[in-house]
Each structure stands twice: as structure tokens, then as C-alpha cells.
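What follows is one structure encoded as C-alpha cells, with my remarks underneath.
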Amino acid sequence: MSWAARLLGTPWTLAGLLVAVGTAIRIPQLFHSLNGSHAFRQTQTALVARNYAERGIDLLHTPLSVFGKGSDVPMEFPLVQAVAAVLVKLGLSADVAMRLVGLASFQVAALLLFALALRWHGRRVAVIAIVLLQFVPYTMLWGAASLIEFPAVALALAMVLFVDHWFAGGRWWWLAAGRSAAGWRSW
């Protein structure tokens, strides 16, 4: 058996390789302008992260200075923006920080989808699922966007995986983990 066949012999190695290629393709997108597709929504998300980095994180308020000083626009639970704000504090710009959080969440969602497909349908379906998720035009455009959608998808898939483990094994902590993922996702 060749080294390539042995390396790609495990499903998770292949999934990791596909995620690595998908990430490498999207790295340049981290530095794109927010003036592209859905510019207002992407900028609005990055602006909240910047405001959190400058004024402190308060998850009960969503400061969006474009609507005036002291504005509070409660749109969703701003946990994603708070994570990006930590990256802004470490020196990244708000748009790059939000895109990086989006890309990381997209790839976590890809691995969770792979895990579910592998568990339910086997290796072939899991590989097809991760290839499609990585390389269809929609995700090529949005996989590293300054949006909250892929973090929500990742949490939803984590919830499904955890609850599925609970159904299969009956361990209470899988249900607790699934409920926790659902709770954060639904805020």
C-alpha cells in the first residue's frame, strides 16, 4: 500500500485534508473589503465587534454607532461579535477578526457535518458532503464572511451530534452538551 493510500485511508485524515485545502483557498478572503456582497450586513457585524473591543463587551447590548452615539440595536445574541472583539484587542482589524471567526466556524461546521454523515451514512456520503460544503460556489463566497450564520450552523450541528450520541448511548452529559449548544445558538 502506498503512503498516500495509507495517509488517506482513515476518513478523518481525508476530512482534515479537505478542510485544510478549503481553508487555504479562503485565506485571501480574510483581507477582502467589506464593500462586497451584503456590505451593510457584513460591516454591521464587524462594527459591533469593533465597538465591543473599544468600549467593552456587554452581551445584553449591541452597540451600533452607525445609528448614532449610544445606539443599541438588539438583533441577535452578539456572542460571535464578542469573540471577534477579543481578536481585535489582540491586534486584528474588526473585519479580519470577524472573517476569521466566520471561517473557523465554517470549518467546524464542515467537520461536524462530516461526523454526522459518517455516523449515519458511511464514508462515501461523508466525503461527498464535506467536498460539496467546501467547494460549492455559495460557500466559496460566504465561508469566510463577516457574518454570524456559520457560527449558528456549527452550534446547530453540534447540538444534533451531541443529542444523537445521547440517543445512542444514553449518557446524560451528551444531552446536557446538546442542550447547551442549542441554548447558545437560539439566543
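Accessible surface calculations at 1.4 Å, restricted to protein heavy atoms, place the range 3-182 at 52 Å² per residue. Per-residue SASA remark: residue 75, around 70 Å² accessible (1.4 Å probe; ligands, DNA and RNA not included). Extension gain for the segment residue 66 to residue 132, taken as residue separation times 0.36 nm less the Cα-Cα distance, is 20.0 nm to one decimal. By the combined test of axial Cα extent (at least 27 Å) and Kyte-Doolittle hydropathy (mean at least 1.0), the qualifying DSSP H helices of the chain come to 94-121, 149-169. A crude spin-label estimate for the pair residue 20 and residue 39, with each label 7 Å from Cα along the Cβ direction, gives 3.8 nm. For the chain, the normalised intensity computed at q = 0.10, 0.11, 0.13, 0.15 Å⁻¹ comes to -0.47, -0.56, -0.75, -0.94 (log10 of I(q)/I(0), Debye sum over alpha carbons, equal scatterers, no solvent). A crude spin-label estimate for the pair residue 149 and residue 27, with each label 7 Å from Cα along the Cβ direction, gives 2.5 nm. As a fraction of the 1.4 Å probe accessible area of the chain, surface on carbon and sulfur atoms comes out at 70 percent.
The values are calculated or read from the model by the stated rules, or taken from the named source; none is laboratory data. What you are looking at is a predicted structure, and each value in this text was computed from that prediction instead of being measured. Quick reminder, even Gly has a Cβ in these numbers, built from the backbone with ideal geometry, and neighbours come from all protein chains shown. Protein only, heavy atoms only, side chains kept; ligands, DNA and RNA dropped before computing areas. Shrake-Rupley method; radii C 1.70, N 1.55, O 1.52, S 1.80 Å.
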